[in-house]
Amino acid sequence: MADQGSGRERWGSRTGFVMAAVGSAIGLGNVWRFPYICYQNGGGAFLIPFFFALFTCGFPLLMLEFAMGKRAQGGAPQAFHAIRPFMAWAGWLACLCAFVIVTYYCVIMAWSWDYVWYSIKMAWGTDAEGFFREHVLNLTSGPGILGVIQGPIVIGLILTWIAILAILWKGIRSVGRVVLVTVPLPALCLAVLAVRGLTLPGAVDGVTYYLQPDFVKLTDPRVWLAAYGQVLFSLSLGMAVLAAYASYLPRDADISNNAFMTGFANCGFSFFAGFAVFSALGFLAYQTGVPVQDVVESGPDLAFITYPTIISQLPFWAPFFGVVFFLMLLTLGIDSAFSLVEGFATPLRDTFGTKHIKVVIWLCIIGLAIGIIYVTRGGFYWLDIVDHHVSDYGLVTIALVECIVVGWIFGARRLRREMNETSEVKIGSWWDICIMAITPLVLGYFLISSLIKGIIEPYGDYPAWANWVGGWGMIILVIAISIFLGTKYHRKGVK
Ligand code: PFF
């Protein structure tokens, strides 16, 4: 790629950039979130709202974030600053939310490291649930009691942060090379697991549950909101990552085609993951003689309880499939994790002129230190509380602000024209409608309704103070730091 003489680091190739964006998008959520949400929200019929959300929100916002990062030649704060200097805080908010996410995302990867080891010995025996909750996490009775640090998880956490540091050490060019391994490898693992899953008894029942269309569900607005939520989280939107990655593109780089490739690759992976997950669930239902709906799980419970239970029941090579599954989680997670760190490192370096490696080392140390809270015995509760609040409110807020700032302040048409100058596929005025009307309306509704719900009925069974500290308190803190950085950055101007 041409350097344009700006002196800014560049991706080694276009493939490197697209693969890095795909790697960020394809993460744990594709395996443990999409199949479940699809099943829960109408099965095969869910593909309708999903594709609607993908075309009205996913692709438009992918293009918007790519275009903003590329035109500013900087991360999210620079991208907002280039549009209106006083909006830089919104970019910092995205960076900080990304950093909050990575502090716990790495803890989930730490569990996965441990489970690669446990799989070799099939350490969970016949009680995967007891093993996870009582042995691995060693849970306390609630978030009020943190308890001691869990040694094996800390080891996994340190390994994860060392991996992130090593990958980001040499900058964006090495990221472009690493993703050539970390993107295809989990896809290969998934293929192995899908073939294994689909050849097990009961698999057809499982897949039928996954895709059985229930069109009545489409009349429920919550199903449509679920589709938007999934598209945002899954494409790593609203998190400063894509703007940072796009800032290393030369000014004549394509936008629309790269966005389409990223979006389709991610959604294809999610859809395919559903076959691996639900065929295995079908097998579990068959083995235990219970209906499929009674074994369906999502999130950590799926990965660390249900899946190990399934692995124990496999007729042969159980440890092998266990290792493949947890290696898949690790390789899925790592490129999402380092993208979240890079999303923050890029603007910090651009703003303060510090050396890239210095910024990355500090972020890794701080990320590891914060992660220690989550590896205590009560840490799981905090992980859950923080995750809920950042991904339900933070992400949607930032995406909404992006739409308003670009759609109504900068001008959707103006940015689209800029994009079309260098893009292979020319985008029509449908993009403006999505950015100015459809997406902000849906996201605004989403945000208001989830805020009302969050205030009326606090999340989970946690005491109110815990939701205040880990949820609202954390959100207020993050916003305050963003405003501080935004005003500081505003004074410094673009470097
Ligand atoms: N897209 C990732 C997943 O589906 O697991 C998670 C994620 C990564 C969200 C990076 C946001 C982000 F910036």
Of the residues in region 274-291, those that are in contact with an Asp or Glu (Cβ under 8 Å, 6 or more places away or on another chain) and open to solvent by 10 Å² or more (accessible area, probe 1.4 Å) number 1
Restricting to region 195-251, what's the tally of residues that are more than 16 Å from the ligand (Cβ to nearest atom) and open to solvent by less than 50 Å² (accessible area, probe 1.4 Å)?
-> 16
Filter result (open to solvent by less than 70 Å² (accessible area, probe 1.4 Å) and without any contact (Cβ under 8 Å) to a residue 24 or more places away in the chain) within region 167-190 | S174, P184
Identify the single condition in (1) closer than 20 Å to A25 by Cα; (2) acidic (D, E); (3) open to solvent by less than 40 Å² (accessible area, probe 1.4 Å) that D350 does not satisfy, given that it satisfies every other one.
-> (1)
Please work out which one of (1) more than 16 Å from the ligand (Cβ to nearest atom); (2) aliphatic (A, V, I, L, M); (3) modelled with pLDDT of 95 or more is the condition L330 fails and give its number.
-> (1)
Pairing a residue in region 376-395 that is in contact (Cβ under 8 Å) with a residue 40 or more places away in the chain with any residue that is of a type in the set (K, R), where Cβ atoms lie under 9 Å and the two sit 6 or more apart in sequence or on different chains, gives F380/R133
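Results for (1) modelled with pLDDT under 95; (2) within 22 Å of L237 (Cα to Cα); (3) more than 16 Å from the ligand (Cβ to nearest atom); (4) in contact with a strand residue (DSSP E or B) (Cβ under 7 Å, 6 or more places away or on another chain), shown as yes or no for each residue.
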{"residue": "G353", "(1), (2), (3), (4)": "yes, no, yes, no"}
{"residue": "K358", "(1), (2), (3), (4)": "no, no, yes, no"}
{"residue": "W362", "(1), (2), (3), (4)": "no, no, yes, no"}
{"residue": "L395", "(1), (2), (3), (4)": "yes, yes, no, no"}
{"residue": "V405", "(1), (2), (3), (4)": "no, yes, yes, no"}
{"residue": "G411", "(1), (2), (3), (4)": "no, yes, yes, no"}
{"residue": "D432", "(1), (2), (3), (4)": "no, yes, yes, no"}
{"residue": "I438", "(1), (2), (3), (4)": "no, yes, yes, no"}
Restricting attention to region 440-465, and to residues there that are hydrophobic (A, V, I, L, M, F, W, C) and over 26 Å from Q230 (Cα atoms), which single residue is modelled with the highest pLDDT?
-> W465
Could you say whether any residue in region 285-301 is more than 25 Å from V241 (Cα to Cα), within 16 Å of the ligand (Cβ to nearest atom), part of a helix (DSSP H, G or I) and in contact with a Ser or Thr (Cβ under 9 Å, 6 or more places away or on another chain)?
-> no
Can you pull out the residues in region 292-326 that are surrounded by fewer than 19 Cβ atoms within 10 Å (Cβ to Cβ) and over 25 Å from E134 (Cβ atoms)?
-> Q293, P315, F316, W317, F320
How about region 408-425: which of its residues are among the aliphatic types (A, V, I, L, M), under 20 Å from N257 (Cβ atoms) and either open to solvent by 40 Å² or more (accessible area, probe 1.4 Å) or touching a Leu at 6+ places or on another chain (Cβ under 6 Å) (or both)?
-> V425
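The values are calculated or read from the model by the stated rules, or taken from the named source; none is laboratory data. Nothing here was measured: the structure is a model prediction, and the numbers come from that model. A quick note on method: Cβ atoms are made from the backbone with ideal geometry, for glycine too, and the neighbour counts reach across all protein chains shown. Quick note on the areas: whole protein, heavy atoms, side chains included, nothing else; ligands and nucleic acids left out. Shrake-Rupley method; radii C 1.70, N 1.55, O 1.52, S 1.80 Å.
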